[in-house]
Amino acid sequence: MFENEMAEQLEKADVDMVISLPCDKNKGFTDLVHERFPVVDITREEDGVGICAGAYLMGKRPVISIQSSGIGNMMNAIMSLTACYRLPMVILASWRGVDGERIEAQIPFNSRIPGLLDCYGIGCTDLADPGDIPKVSGIIDRAFSEGSIEVVLIHPKLWGESRRTITEYPPRRRHVKVAIDDESEPPTMTRLDAIERIMAAVGEDDIVVSNIGVPSKEVHAARDRPLNFYMLGSYTQATPIGLGMALSTDRRVFVIDGDGSLLGSSIFPVLSAMDPDNLTVICLDNGTFGSTGNQINQAYLDVDLGAVAVAYGIDNVYSTGDPEALDGILREVEGMSFVHVLIVPKNSDSPNLTLTAAEIRDRFMGAL
């Protein structure tokens, strides 16, 4: 009912990106933001946390529009990424479980969200009346001026009988033919071996996002530089952060991710759909959860993450376990690319990072 007024509040606050996963109650607003803003459609809410962080670090003012139940999916990423690095974030959440909610399963979690947010020190405003809508631009401005996390819970009665603005769909035609017959040789490189080759190939103005745990320590040991964004937490968020950055800059963005992280992520379809031509995701695949003791995971023998990338529609996929071949790939890679590198499960003794999250953030943003 008041979708247009909400969109005007976003425009007033200079929002220039909306990360979206729709709710039945806000479907009219979801369609409207696609008409008026650059939108990144996600399939899992916590990926929006990383995309939002990456976009902000590159100077954007993003907001996330979701159903309130998705806040539960986001909480670890919010606290270990957004709160840890003191980044601003605004979540516009269509509030379920209240106002006579008729779906029983929506009530136990959603009705308790204000208490949950209060427990974590996250700002929360509920919008129940049309007269509350003008608060939204101020909430957004506050988040970006103070580096705070703000959740706006939008009552379903405010949306009313939300109507869709899209009534016709484009023709759905596609031809898919995937045939992969590949047998890999046992790898010889360690993660540090591969990282040293990657960092030698990175240009002075390129951005590097390194995955949590040992990978960030090894990137720091191989070639520390201000344009490295070292992750300290937030499992599965390396590639979403890199995607948010790539969508917000013309610089080349390299993500050094891992098989364990990507097995737990929902980012592949989003990468395929957004297809930024300045993003290279490098999966260093040792078939284990390397930072927790090299416990074997599903990628060791069963899941080929390069084939997964192909199946999701990523056009430029490279796979190798050979050091010289990796050097060649890094020289020729262009466009949205996924580089699948087989490595042995071994951690180096690279020292822990001494940089705090705030120092990583400030050093990175100061180098842009």
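The table below gives the values:
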quantity	calculated
Residue within the range 222-240 that is of a type in the set (A, V, I, L, M), under 28 Å from A83 (Cα atoms) and in contact with a Gly (Cβ under 6 Å, 6 or more places away or on another chain) present	no
Residues located in the range 164-198, provided they are closer than 20 Å to C23 by Cβ, open to solvent by 100 Å² or more (accessible area, probe 1.4 Å) and either in contact (Cβ under 8 Å) with a residue 12 or more places away in the chain or of a type in the set (A, V, I, L, M, F, W, C) (or both)	R164
Residue check, D132 under 23 Å from N4 (Cα atoms) and surrounded by fewer than 24 Cβ atoms within 10 Å (Cβ to Cβ)	yes
Looking only at the range 329-368, and only at residues there that are within 28 Å of N294 (Cα to Cα) and touching a Pro at 6+ places or on another chain (Cβ under 7 Å), the one that is least open to solvent (accessible area, probe 1.4 Å)	I343
Considering residues of the range 8-29 that are modelled with pLDDT of 95 or more and in a helix (DSSP H, G or I) only, the residue least open to solvent (accessible area, probe 1.4 Å)	L10
Within the range 59-78, considering residues that are over 14 Å from the mean Cα position of the chain (by Cα) and among the aliphatic types (A, V, I, L, M), the one nearest to T249 (Cα to Cα)	I66
Top-ranked residue of the range 246-275 - restricted to ones that are assigned to a loop (DSSP other than H, G, I, E, B) and surrounded by 18 or more Cβ atoms within 10 Å (Cβ to Cβ), ranked as modelled with the lowest pLDDT	S265
Where A128 falls short, out of the listed (1) hydrophobic (A, V, I, L, M, F, W, C); (2) under 20 Å from P22 (Cβ atoms); (3) free of Cβ contacts under 8 Å to residues at least 40 places away in the same chain	(2)
Pair list, Cβ < 6 Å and 6+ apart or interchain, from the range 1-22 residues that are in contact (Cβ under 8 Å) with a residue 40 or more places away in the chain to residues that are open to solvent by 40 Å² or more (accessible area, probe 1.4 Å) and not basic (K, R)	F2/P130; A13/D141; M17/P38; S20/D41
From L326, L279, residue being buried (at least 18 other Cβ atoms within 10 Å of the Cβ), more than 24 Å from E46 (Cβ to Cβ) and in contact with a Lys or Arg (Cβ under 9 Å, 6 or more places away or on another chain)	L326
Residues of the range 65-112 satisfying the condition of being closer than 23 Å to L158 by Cα and either among the aromatic types (F, W, Y) or in a helix (DSSP H, G or I) (or both)	G70, I71, G72, W95, E104, A105, Q106, I107, P108, F109, N110
Selection within the range 99-123 - surrounded by fewer than 18 Cβ atoms within 10 Å (Cβ to Cβ) and closer than 30 Å to L57 by Cβ	P114, L116, D118, C119, Y120, G121, G123
Breaking point among (1) part of a helix (DSSP H, G or I); (2) surrounded by 21 or more Cβ atoms within 10 Å (Cβ to Cβ), for T236	(1)
Exclusive hit being acidic (D, E) and under 21 Å from I51 (Cβ atoms), set D206, D182	D206
Filtered residues of the range 315-359 (kept if free of Cβ contacts under 8 Å to residues at least 40 places away in the same chain and of a type in the set (F, W, Y))	Y318
Count of residues meeting criterion [within 27 Å of the chain's Cα centre (by Cα) and surrounded by fewer than 20 Cβ atoms within 10 Å (Cβ to Cβ)] in the range 145-163	5
Matching residues in the range 199-221 - criterion: being open to solvent by 40 Å² or more (accessible area, probe 1.4 Å), over 18 Å from C84 (Cβ atoms) and touching a residue at least 24 places away in the same chain (Cβ under 8 Å)	A201, D205, A221
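For (1) touching a Phe, Trp or Tyr at 6+ places or on another chain (Cβ under 6 Å); (2) charged (D, E, K, R), each residue gets a yes or a no:
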site: P186; (1), (2): no, no
site: I195; (1), (2): no, no
site: I198; (1), (2): no, no
site: V209; (1), (2): yes, no
site: E218; (1), (2): no, yes
site: F229; (1), (2): yes, no
site: G264; (1), (2): no, no
site: P276; (1), (2): no, no
site: I282; (1), (2): no, no
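Listed here are the residues, each with its yes/no results for (1) crowded, with 24+ Cβ neighbours inside 10 Å; (2) in contact (Cβ under 8 Å) with a residue 40 or more places away in the chain; (3) in contact with a His (Cβ under 9 Å, 6 or more places away or on another chain).
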residue	(1), (2), (3)
V39	no, no, no
I42	yes, yes, no
G48	yes, yes, no
R61	no, yes, no
I78	yes, yes, no
A83	no, yes, no
P88	no, yes, no
G97	no, no, no
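The values are calculated or read from the model by the stated rules, or taken from the named source; none is laboratory data. Quantities reported herein were computed from a predicted structural model and do not represent experimental measurements. Positions of Cβ are generated from backbone atoms using ideal geometry, with glycine treated the same way; all protein chains shown enter the neighbour counts. Heavy atoms of the whole protein, side chains included, go into the accessibility calculation; ligands, DNA and RNA do not. Shrake-Rupley method; radii C 1.70, N 1.55, O 1.52, S 1.80 Å.
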